[in-house]
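Colleague: Here it is, the structure, as structure tokens.
The values are calculated or read from the model by the stated rules, or taken from the named source; none is laboratory data. No experiment lies behind these values; they were computed from the predicted model shown. When we count neighbours, we look across all protein chains shown, and the Cβ atoms used for this are built from the backbone with ideal geometry, even at glycine. Accessible surface areas use protein heavy atoms only, side chains included; no ligands, DNA or RNA. Shrake-Rupley method; radii C 1.70, N 1.55, O 1.52, S 1.80 Å.
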Amino acid sequence: MFWKRKVTSKICPSIPMPSASRGFLPQGTVLRRSAVAILLLASCVSASPVRVATLGGDSRLLLDSSNLYHYPALVRQLAHVDVELFDDWVGIAVPIGSHHGMALMLNRPDEVQQEISAYLQSTGSRLLRSLRPTPWLDAIYGLQLRPGLSLGLGLRYDYDVRDRGIDEASVSRWDSRFGIALGSGHRRLDGTLQLGRVTLVDGSAGTPHEESARNGYGFDLRGRWSLSDDVMLLPSVLWRRSTYGLATDWQQDEELRGALSLNVRPAPNLLGIVSIVVAGHWQRADVSGDGRAASESRRWLLPGIVAGGEIQLGSLQFRLGARHESVVNEVDEPTGVDLSFATGLATDVGIGLEFGDFVIDGMLQKDFLRDGPHFLGGSSRGGGLLTTLSILYRFYH
């Protein structure tokens with residue numbers, strides 16, 4: 001088990017543990033059920049995308065409520081309400097009965113949506129370039145077949161359209177995720193198979209009507225291995241490929257990422273995270289209309305080092321995360337390959353407040369430490385205490 005400490009430890013003073021009779025966990029003593037629940041939730045799920053951002057920026061490197069966006073089979077165990085005030089999206093995940101769970105997100109951005117929006121800025125008519133796909137449907141359904149085996153299905157539909165009679169342009173994207181959560185006790189596995197489809201339509205006066213639909217797919221796997229009462233190893237691997245474009249113009253993005261993360265809790269109110277990440281990203285595009293790849297670029301992360309720490313003092317939480325990346329970029333050009341190398345370091349500070357099941361998470365505005373508060377005129381560099389703010393309420397009963 002991850003912990004053998006009492007449920008009333010300081011890091012998680014008031015979260016009620018799930019009941020075995022409701023289908024969350026196997027039968028057993030209260031201590032056994034509590035330990036298994038903590039193994040699953042690790043950080044007591046005082047969690048949000050803001051918390052992840054201040055602990056290295058990758059949800060797969062720690063156990064957090066935002067894991068359900070990658071692994072939909074976890075929707076029952078991670079039931080909560082999340083409001084991202086500065087990023088303008090909300091989500092709710094609730095258990096239903098003893099074996100079911102559902103989640104609905106409104107206006108939640110994701111990586112593929114941003115890639116499609118960037119591609120639209122460089123192709124097609126002016127009408128097509130004005131489109132910004134936004135989520136119409138973003139939902140998850142989960143089913144627990146038995147203790148130690150859960151399935152999940154995530155569906156997302158992004159859409160935008162402009163129709164001016166003789167001028168018409170639209171973009172739509174279906175994304176489906178089939179998830180599974182296996183195992184109990186010391187070893188567990190979270191897995192997801194992703195299938196997607198992007199359709200573009202572009203027809204303007206003086207240009208031929210074009211329509212194209214292309215597919216994408218991938219998988220996402222993460223293991224959870226408890227090495228001792230206070231140490232957990234999280235290995236993960238991700239691969240995805242997405243293609244979109246018109247009849248003659250297209251773009252293909254492919255990514256392969258592997259990570260190994262160590263989560264250590266030396267005290268009930270202290271969490272440490274150390275991770276190493278390696279990745280490759282390939283992008284191929286044809287904007288010439290002759291069917292051949294007009295450009296190709298490759299980006300190698302060799303490696304990324306992520307470290308973070310979280311401490312809780314009463315209801316107040318402090319977080320510090322750092323991410324160092326060594327990146328090799330290759331771009332194929334008519335004259336040959338342009339090769340470059342760069343390194344970078346990013347650090348973030350997070351502040352959280354926890355009152356029972358209610359949690360507020362924020363990322364500290366770095367300029368606040370330099371400029372101080374600006375009550376009237378504000379700061380020339382933005383001012384304010386926080387760059388983003390999240391409100392979360394847990395449904396763990």
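Colleague: Could you list, in sequence order, all residues of segment 312-324 that are closer than 17 Å to Thr387 by Cα and open to solvent by 50 Å² or more (accessible area, probe 1.4 Å)?
Modeller: Hits for segment 312-324 are Phe318, Leu320.
Colleague: Determine, yes or no, whether Leu246 is open to solvent by less than 10 Å² (accessible area, probe 1.4 Å), farther than 16 Å from Gly304 by Cα and touching a residue at least 24 places away in the same chain (Cβ under 8 Å).
Modeller: Yes; evaluated as a whole, the condition is true for this residue.
Colleague: Has segment 115-126 got at least one residue that is within 26 Å of Arg188 (Cβ to Cβ) and not β-branched (Val, Ile, Thr)?
Modeller: Looking for residues that are within 26 Å of Arg188 (Cβ to Cβ) and not β-branched (Val, Ile, Thr), one finds none in segment 115-126, hence no.
Colleague: If Ile166 satisfies every condition in (1) within 19 Å of Thr243 (Cα to Cα); (2) at pLDDT below 95 but one, which is the exception?
Modeller: Condition not satisfied by Ile166: (1).
Colleague: Enumerate the pairs (first residue in segment 172-183 and farther than 14 Å from Leu195 by Cα and open to solvent by less than 30 Å² (accessible area, probe 1.4 Å); second residue anywhere and among the hydrophobic types (A, V, I, L, M, F, W, C) and not in a strand (DSSP E or B)) with beta-carbon separation below 7 Å, excluding pairs fewer than 6 apart on the same chain, so at least 6 apart or on different chains.
Modeller: Here the result reads Ala181/Ala73; Ala181/Leu74, each pair linking segment 172-183 to a residue that is among the hydrophobic types (A, V, I, L, M, F, W, C) and not in a strand (DSSP E or B).
Colleague: Tell me yes or no: at least one residue of segment 286-294 is modelled with pLDDT under 95, part of a strand (DSSP E or B) and either among the aliphatic types (A, V, I, L, M) or crowded, with 17+ Cβ neighbours inside 10 Å (or both).
Modeller: yes
Colleague: Residue under question is Val50, and the condition is that it be of a type in the set (Val, Ile, Thr) and in a helix (DSSP H, G or I); does it hold?
Modeller: Spelling it out, Val50 is indeed of a type in the set (Val, Ile, Thr) and in a helix (DSSP H, G or I).
Colleague: Something else about it: In contact with a Leu (Cβ under 7 Å, 6 or more places away or on another chain) and open to solvent by less than 20 Å² (accessible area, probe 1.4 Å): which single residue out of Ala139, Ala103 fits that description?
Modeller: Ala103
Colleague: Anything in segment 325-345 that is open to solvent by less than 50 Å² (accessible area, probe 1.4 Å) and in contact with an Asp or Glu (Cβ under 8 Å, 6 or more places away or on another chain)? List them, or say none.
Modeller: Glu330, Gly344
Colleague: If only one of Val30, Val81 is at pLDDT 50 or above and at negative phi, which one is it?
Modeller: Of Val30, Val81, the one residue that is at pLDDT 50 or above and at negative phi is Val81.
Colleague: Report the residue count in segment 323-357 for those that are within 29 Å of Asp286 (Cβ to Cβ), at pLDDT below 95 and aromatic (Phe, Trp, Tyr).
Modeller: Matching residues across segment 323-357 total 0.
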